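Worksheet: one structure, shown below.
The values are calculated or read from the model by the stated rules, or taken from the named source; none is laboratory data. These figures come from a predicted structure and were not determined experimentally. For neighbour counting, all protein chains shown are included, and Cβ atoms are generated from backbone atoms with ideal geometry for every residue, glycine included. Surface areas here come from the heavy atoms of the whole protein model, side chains and all, with no ligands, DNA or RNA. Shrake-Rupley method; radii C 1.70, N 1.55, O 1.52, S 1.80 Å.
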Amino acid sequence: MLEPLLRPASVAVVGASRTPGKVGHAVVANLIGCGFAGAIYPVNPEAEEILELPCFPALAEIREPVDLCVIAVPPGGVEAAVEEALAAHVRAIVVLTAGFKEIDEEGAALEARIARLCQSRKVPMMGPNCLGLINAHHKMNATFAPQMPPEGKISVISQSGALCVAILDSSASAGLGLATTVSLGNKADLDEVDFLQALAADPDTEVIVGYLESIDNGEEF
């Protein structure tokens, strides 16, 4: 179920930016910099090119299948971006944007709506309010973190994006290899159980490390 998320053949970045320092710029730069072998599609209606890649005004303009859609637009544009991604038949979604249930009731309602949209189409969604994810063996860094870890057999699931960054920094400096690093965020759809199941079946993972601030379904966990 999570193959398009963990090992996508193509990644679209909605909210891709030409401006260094912005999240949408960092994600595109990281995908290029880590040597991702699949197609990378920046999406921004105001740019023709980002980091020497052709930029698309909308997901509907991409004429090839998109496995993973990473959304990095302001909160007010997330619902429309999710609807656009579903209409384009993407196979998995990551919402990096913050400003949902961790902020107020209005944000919680918005978060619930986008989760229902994805669940109604059976498209897995990670986030919102997350760092993204890295699969070192797949050479994919779909985050805005500056470090790409070396390949290893340890996978990390963290509800804290800041802890993910600290682990990635330590991994790079110590030469400690990682397999997959997942920032759960608000867990509007996918949660720790989904990733435990997926990583337990992952041939590149021998150890799973989790940092959890809440467990939504204790019995299933």
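Looking at this structure, is S158 without any contact (Cβ under 8 Å) to a residue 60 or more places away in the chain, buried (at least 20 other Cβ atoms within 10 Å of the Cβ) and closer than 19 Å to V193 by Cα?
Working: without any contact (Cβ under 8 Å) to a residue 60 or more places away in the chain: yes; buried (at least 20 other Cβ atoms within 10 Å of the Cβ): yes; closer than 19 Å to V193 by Cα: yes.
Judged against the criteria, S158 is a match.
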Point to revise | Failed condition for Q147, given (1) open to solvent by less than 60 Å² (accessible area, probe 1.4 Å); (2) assigned to a loop (DSSP other than H, G, I, E, B) | key: (1)
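Quick check, is A47 under 15 Å from T143 (Cβ atoms) and either of a type in the set (V, I, T) or open to solvent by less than 30 Å² (accessible area, probe 1.4 Å) (or both)? It would help to see each step written out before you state the result.
Working: under 15 Å from T143 (Cβ atoms): no; either of a type in the set (V, I, T) or open to solvent by less than 30 Å² (accessible area, probe 1.4 Å) (or both): yes.
Considered against the rule, which asks whether it is under 15 Å from T143 (Cβ atoms) and either of a type in the set (V, I, T) or open to solvent by less than 30 Å² (accessible area, probe 1.4 Å) (or both), A47 comes out as no.
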Review point. Any idea how many residues of region 3-29 are part of a loop (DSSP other than H, G, I, E, B) and either buried (at least 21 other Cβ atoms within 10 Å of the Cβ) or among the polar types (S, T, N, Q) (or both)?
Key: 5
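Okay, residues lined up against (1) in contact with an Asp or Glu (Cβ under 9 Å, 6 or more places away or on another chain); (2) within 19 Å of L6 (Cα to Cα); (3) modelled with pLDDT under 95:
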site: D169; (1), (2), (3): no, no, yes
site: S173; (1), (2), (3): no, no, yes
site: V193; (1), (2), (3): yes, yes, no
site: L196; (1), (2), (3): no, yes, no
site: P203; (1), (2), (3): no, yes, no
Practice item. Report the residue count in region 45-96 for those that are under 14 Å from A12 (Cβ atoms), in contact with a helix residue (DSSP H, G or I) (Cβ under 8 Å, 6 or more places away or on another chain) and either at pLDDT below 95 or not in a helix (DSSP H, G or I) (or both). Key: 19
Check your understanding: Considering G175, G185, G152, which residue is small (G, A, S) and on the phi < 0 side of the Ramachandran plot?
Key -> G152
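Quick grid of which residues meet (1) over 25 Å from P20 (Cα atoms); (2) surrounded by 14 or more Cβ atoms within 10 Å (Cβ to Cβ); (3) over 18 Å from the mean Cα position of the chain (by Cα):
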{"site": "L31", "(1), (2), (3)": "no, yes, no"}
{"site": "G38", "(1), (2), (3)": "no, yes, no"}
{"site": "E52", "(1), (2), (3)": "no, no, yes"}
{"site": "V82", "(1), (2), (3)": "no, yes, no"}
{"site": "V90", "(1), (2), (3)": "yes, yes, no"}
{"site": "D104", "(1), (2), (3)": "yes, no, yes"}
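Answer yes if at least one residue in region 128-144 is at negative phi, modelled with pLDDT under 95 and in contact with a helix residue (DSSP H, G or I) (Cβ under 8 Å, 6 or more places away or on another chain), and no otherwise. Spell out how you get there, then give the answer.
Residues of region 128-144 at negative phi: 128, 130-131, 133-138, 140-144.
Now drop any that are not modelled with pLDDT under 95, which leaves none.
No, the conditions are met nowhere in region 128-144.
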